[in-house]
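Each reported figure results from applying straightforward, stated rules to the coordinates on display, with no laboratory input. Remember, it's a predicted structure, so these values are computed and weren't measured experimentally. Heads up, the Cβs are rebuilt from the backbone with ideal geometry, glycines too, and the neighbour counts pull from every protein chain shown.
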Amino acid sequence: MTDSVSSSADHESELATIARMLTHIRDSARALDAQALEYCVDLALQAVANEMRDRRDTVAGADLDFAPRVLQ
């Protein structure tokens, strides 16, 4: 049982790391006014957030407030 708990914790940690990295990339794309990149990263970030929610994981400090921007 401890292996599954450890594996779950590892997976949770990996998802949190991915979410933080995607948030940084999205913010950088926004700063560069790279709308297409920002939109794609928003979609990836939303997928990670959905996976985390499905697993009932919580991440402190990650920006999980998603509303992908509409490309103009």
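Order by neighbour count: Leu32, Leu45, fewest other Cβ atoms within 10 Å first, most last.
Values: Leu32 10, Leu45 22.
Ascending number of Cβ neighbours within 10 Å: Leu32, Leu45.
From the phi of every residue in region 43-52, what ³J(HN,Hα) in whole Hz does the Karplus formula 6.51 cos²θ - 1.76 cosθ + 1.60 yield, where θ is phi - 60° and glycine or proline is x?
Values per residue, Gly and Pro as x: 5, 5, 5, 5, 5, 5, 4, 4, 4, 5 Hz.
Which ³J(HN,Hα) values, rounded to whole Hz and listed in residue order, are derived for region 17-34 from phi using the Karplus coefficients 6.51, -1.76 and 1.60 in 6.51 cos²θ - 1.76 cosθ + 1.60 with θ = phi - 60°, glycine and proline given as x?
Computed from phi, the couplings for region 17-34 are 5, 4, 4, 5, 5, 5, 4, 5, 4, 4, 5, 5, 4, 5, 5, 8, 6, 9 Hz.
Starting from the Kirkwood Rh over alpha-carbon pairs, what translational D in µm² s⁻¹ does region 2-54 have by Stokes-Einstein at 4 °C and 1.567 mPa s?
Diffusion coefficient, whole number: 109 µm²/s.
Can you give the FRET efficiency for Asp27 and Ser7, using 1/(1 + (r/R0)^6), R0 = 22 Å, r = Cβ-Cβ distance, to the nearest 0.05? Don't skip to the end; give the middle numbers.
Working: r = 31 Å, r/R0 = 1.39.
Plugging the Cβ-Cβ distance into 1/(1 + (r/R0)^6) gives 0.10.
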